Amino acid sequence: MTMSVTLIDTIKSRAAAEAERSTYPDGFPILPPVPAGRYRDPDFAALEAEAVFGRTWLFVAHTEELPEPGDFRLLDQLPQPIVLVRGQDERIRAFYNTCKHRGAALLDEAEGNTGRRLTCPYHNWVYSLEGALVGYPEAGNFADLDRDCLGLTTVRCEVWGPLVFINLNPDAGPLTDYLGAVGEDLSEISELNGRLRLADHRAREVPVNWKIPVDANVETYHVNYVHRDTAAKGLRQAATGIQLLGNGHSRMLVRLHDGMQFDTPFPPLVGGVGDLPLVGTFSYHVFPNLSIVFGGPGFLFFITNWPTGPGTSTYHVHWCSSVGPDDELAPTLLEPFVEFNQAVLFEDLKVLPGIQVSIDAGGIDSFRLSYQERRIYHLHETLDRTIGVERVAEQLRVPPVLGPFVEA
Ligand code: FES
């Protein structure tokens, strides 16, 4: 299932109508202040780590980062020691990077190829690429080892086309169910293996809570100011249309100035979204930390931000397009496209650390969000719901008000 023509037209017309609106929308609640402690409090951060990052589907890699059997990649996005491995059967799996003898790390390089086996460097226990224990030295010194029970601990791992997701909760439902309307809108991604090419994957430490860059990605209120010399030359900030979706997800279209249109020779990637990637920047947020952004019809990038502490995080971007880095168009079109958009994102990262300094110093106790920043409130409501509101300290809770405005 892809988007209907009616939905595409509705998204475009709502964004255009926003540019004409001059008063607060009738019937929409005033958003309660968001306690700044949610961006600093270690107990709240621990709840997020356990109940949110420990129990939701998380985008972690592009399949082209592990192209061959035996290729592996250690995930540095999470505190848990997890490794992705491509098996002999071509399937990508996720395991704890932990030997079942006495817990040594099996792999210590960030990425590489481990051949046909995973071998522990400590006492040489050997595992298949599919995680089974296949051998160990001096077997006569063990009386009762059950090999079948001593395979590597697996982590739920599903691919959506070329996109690799993991979930630390072994009992989680399928990824497709979790993606909901986002997965339906972008269902063609499941067929884009080999056609949604990875151009680059960059990561950067940022001295702010993980939600601060996420907040910047889900609103356009700042575009005319932070990006006045870059994105604002193309985007009409006021023409921003938003739909809140189930599971904390959302979509957004910010239209180009009248008479402008994205024009790239990259073949389009997701025909089912019609001309939305032509008329503006069209994007999705997938709870908790993934933004999917169309930078024109043949260009998609995937931003994730990962907590490394209550006030620190790591910002990752997977830059993808319908042409790969080896294509003849790459030097003239792909690389400048990545550099321009990377510069826009880094404009945000330059402003954001001051927010964390203010929060940590007690200079601000709550955030006051506008109607156009309601995706941020949607994120917070979903955090409380996912954690279990009764577990959140009373002074840090956000009252739920957006339920009637969630569309799908
Ligand atoms: Fe791996 Fe001993 S800890 S073989």
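Could you give me the residue pairs with C-beta distances under 6 Å whose first residue belongs to the range 97-125 and is without any contact (Cβ under 8 Å) to a residue 24 or more places away in the chain and among the small types (Gly, Ala, Ser), whose second residue is assigned to a loop (DSSP other than H, G, I, E, B) and within 7 Å of the ligand (Cβ to nearest atom) wherever it lies, and which are 6+ apart or on separate chains?
Pairs that qualify, where the first residue is without any contact (Cβ under 8 Å) to a residue 24 or more places away in the chain and among the small types (Gly, Ala, Ser) and the partner is assigned to a loop (DSSP other than H, G, I, E, B) and within 7 Å of the ligand (Cβ to nearest atom), are Ala104/Cys120; Ala104/Tyr122.
I'd like to know if the range 23-44 contains one or more residues that are closer than 30 Å to Trp160 by Cα, assigned to a helix (DSSP H, G or I) and in contact (Cβ under 8 Å) with a residue 40 or more places away in the chain.
No.
Can you tell me which residue within the range 124-164, out of those that are in a loop (DSSP other than H, G, I, E, B) and either at pLDDT below 95 or loosely packed, with under 13 Cβ neighbours inside 10 Å (or both), is nearest to the ligand (Cβ to nearest atom)?
Filtering the range 124-164 for residues that are in a loop (DSSP other than H, G, I, E, B) and either at pLDDT below 95 or loosely packed, with under 13 Cβ neighbours inside 10 Å (or both), the one nearest to the ligand (Cβ to nearest atom) comes out as Pro137.
Among the numbered conditions (1) surrounded by 18 or more Cβ atoms within 10 Å (Cβ to Cβ); (2) out of contact with any Asp or Glu (no Cβ under 9 Å at 6 or more places or on another chain); (3) at positive phi, tell me where Ile189 comes up short.
(3)
Please specify each residue of the range 309-329 satisfying the condition of being surrounded by fewer than 19 Cβ atoms within 10 Å (Cβ to Cβ), part of a strand (DSSP E or B) and not small (Gly, Ala, Ser).
Thr312, Thr314
Pairs please, first residue from the range 270-288 and part of a helix (DSSP H, G or I), second anywhere and hydroxyl-bearing (Ser, Thr, Tyr), Cβ atoms under 7 Å, 6+ apart in sequence or on different chains.
Gly272/Thr2; Gly272/Ser187
Scanning the range 67-99 for residues that are assigned to a loop (DSSP other than H, G, I, E, B) and buried (at least 20 other Cβ atoms within 10 Å of the Cβ), which turns out farthest from the ligand (Cβ to nearest atom)?
Gln77
Specify the residue that is farthest from Tyr178 (Cα to Cα); the eligible residues are those in the range 100-115 that are part of a loop (DSSP other than H, G, I, E, B), more than 16 Å from the ligand (Cβ to nearest atom) and not charged (D, E, K, R).
Filtering the range 100-115 for residues part of a loop (DSSP other than H, G, I, E, B) gives 100-104, 106-110, 114-115.
Filter once more, so that each one left must be more than 16 Å from the ligand (Cβ to nearest atom): 109-110, 115.
After this cut, where a residue has to be not charged (D, E, K, R) as well, the list is 110, 115.
Working: Ala110: 29, Gly115: 34 Å.
Applying the filter and picking the extreme gives Gly115.
Name the helices (runs of 4 or more DSSP H) wholly inside the range 330-389 in which the number of residues that are farther than 26 Å from Asn247 by Cα, within 24 Å of the chain's Cα centre (by Cα) and without any contact (Cβ under 8 Å) to a residue 24 or more places away in the chain is 1 or more.
On the way: elements: 335-351, 353-360, 374-387.
In the range 330-389, the matching helices (runs of 4 or more DSSP H) lie at 335-351, 353-360.
The values are calculated or read from the model by the stated rules, or taken from the named source; none is laboratory data. None of the values given here were measured: they were computed from a predicted structure. Please note: Cβ atoms are built from the backbone with ideal geometry, for glycine as well, and neighbour counts cover all protein chains shown.
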